[in-house]
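This report refers to the structure that appears directly beneath it.
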Amino acid sequence: MTESNRATVTTDETSVEVEAWPAATGSIHRVVVARGSMNDAADALVKTYPAGTALLADRGDLALALEDLGGVRVRHLHAMHHHLDAIPDDELAGHMRLRPWQLGDAESLSHVLVGAYGPGHPDAGSGDLAAAASSLQRTVDDPDNPLIETATQVAMHDGDAVGAALVVRSDHVRGFTGPWLMNVFRSPAPATRGAGAGMIVAALRSLRESNEERLGLAVTHTNVAARAVYERLGFEYTFEGWVVVTPAR
């Protein structure tokens, strides 16, 4: 984490600390109010940051104050961490195997990503294959959050890639530093059941073998099924957050 990622927004009555998390898919700014009311903090933030800036508040009242000024809430999430102890024994079913990420996976896994985040999913996407492939490629090529290749897993079934767990290194924002599970997804086909947990457990083992301290992730509040899996695998809640996009002024 560098000083260039940090900023302080101040007025006579308010002090707000902001840390930027740059990413190829769009920067996010974590906000911590050090002093002042939530309304004053929201007003200072909206005046400081241009329209379309994604702010991550770890207080619901700050999120509401930003929305009162025209901000748009785009996600309610929970940050979680696993401390790489008591790793469970989840294994892939015998008809599946794991391999590292390789060239061409963004395209071959685009339809899997679209299927995994289909209609009704809390994080449903557009369904566009080209957009899905582009998103995956940006994630694995992001210089600000480099891929940890030894921990990243791709699940295979009958010669086809059917899921992936993308682990990157992120050292920009306090509470998020270190290895980060940027995305994990699998085909909804019954044959791939258990692949998500199997890939995550393999990533945890790899990180422990590399003497890392923990693995973090963020999960959408309404994604109850995924949250239950992460809890079962030993992830613990770190904080609750609300992503609000700043309005035009």
Margin query: So if I take the centroid of the Cα atoms in the range 47-61 and the same for the range 229-247, what is the distance between those two points in Å?
Written below: 17
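As a check on your grasp of the helix formula, calculate [θ] at 222 nm for the chain: sum -39500 (n - 2.57) over DSSP H runs of n ≥ 4, divide by the residue count, round to the nearest 500. Intermediate values should be presented prior to the final figure.
Working: 7 runs with 68 residues, N = 249.
That calculation yields -8000 deg cm²/dmol at 222 nm.
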Note to self: Between 93, 63, 133, where does the largest GNM mean-square fluctuation fall for the chain, given springs only between Cα atoms within less than 10 Å?
What the structure shows: 93
Notebook entry, point to check: Say we join alpha carbon atoms closer than 10 Å with springs in a Gaussian network model of the chain; which of 102, 137, 153 then has the biggest fluctuation?
Noted result: 102
Item checked: Hz values of 3J(HN,Hα) by residue in the range 192-208 - Karplus curve (6.51, -1.76, 1.60), Gly and Pro given as x -> 9, 4, x, 5, x, 5, x, 5, 5, 4, 4, 5, 4, 5, 4, 5, 5
Item checked: Label-to-label distance, nm, for residues given as residue 15 and residue 107 (7 Å Cα→Cβ offset) -> 5.4
Note to self: Positive end of the dipole of the range 81-236, charges at C-beta (+1 Lys, Arg; -1 Asp, Glu), about the Cα centre: which of 118, 152, 206 has its Cα farthest in that direction?
What the structure shows: 118
Next item on the list: With +1 on each Lys and Arg Cβ and -1 on each Asp and Glu Cβ, and nothing else charged, work out how big the dipole of the chain is about its Cα centre, in Debye to the nearest 20.
Entry: 260
Margin query: Using the Cα atoms of the chain, I'd like the radius of gyration and the largest Cα-Cα distance, Dmax, both in angstrom.
Written below: 18.8, 64
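Under the 0.36 nm per residue contour assumption, what length would be gained going from the current alpha-carbon distance of residue 7 and residue 239 to full extension? Before the final figure, lay out the partial values.
Working: separation 232, 0.36 × 232 = 83.52 nm, distance 2.11 nm.
Stretched out fully, the residue 7 to residue 239 stretch lengthens by 81.4 nm.
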Item checked: Long-range HN-HN contacts of residue 157 with modeled amide H, under 5 Å -> 162
Checklist line | Part-to-part distance (alpha-carbon centres) for the range 96-139 and the range 153-210, which is given in Å | finding: 13
Note to self: Residue by residue through the range 142-154, what is 3J(HN,Hα) from phi via Karplus (6.51 cos²θ - 1.76 cosθ + 1.60, θ = phi - 60°)? Round to whole Hz and write x for glycine and proline.
What the structure shows: 5, x, 7, 9, x, 5, 8, 5, 5, 9, 5, 10, 10
Notebook entry, point to check: Any idea what the relative contact order of the range 81-236 is, in percent, if you count C-alpha pairs under 8 Å spaced at least 6 apart?
Noted result: 31
Check: Using a basic spin-label model with each label point 7 Å from the Cα along Cα→Cβ, how many nm lie between residue 73 and residue 99?
Finding: 4.4
Next item on the list: Would you grab the residues whose amide H sits under 5 Å from the one on residue 245? Only those 5+ places off in sequence or on another chain, please, with H modelled 1.01 Å from N.
Entry: 55, 72, 73, 74
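Let me spell out the model: positive unit charges on the Cβ of Lys and Arg, negative unit charges on the Cβ of Asp and Glu, origin at the Cα centre of the range 128-249. What dipole size does that give, in debye rounded to 20? Let's see the in-between values first.
Details: 11 positive and 14 negative charges, 66 e Å.
Once rounded to the nearest 20, the dipole reads 320 debye.
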Note to self: Which residue fluctuates most in the GNM of the chain (Cα springs below 10 Å): 172, 81, 95?
What the structure shows: 95
Item checked: Theoretical FRET efficiency, 1/(1+(r/R0)^6), r = Cβ-Cβ of residue 191 and residue 171, R0 41 Å, to 0.05 -> 0.65
Notebook entry, point to check: Could you give the dipole magnitude of the range 44-115 about its Cα centre, charging the beta-carbon of Lys and Arg +1 and that of Asp and Glu -1, in debye to the nearest 20?
Noted result: 320
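Throughout, read-outs are computed from the coordinates displayed, never taken from laboratory work. Since we're looking at a predicted model, the values are computed, not measured. Because the Cβ atoms are built from the backbone with ideal geometry, glycine has one as well, and the counts that use them run over all protein chains shown.
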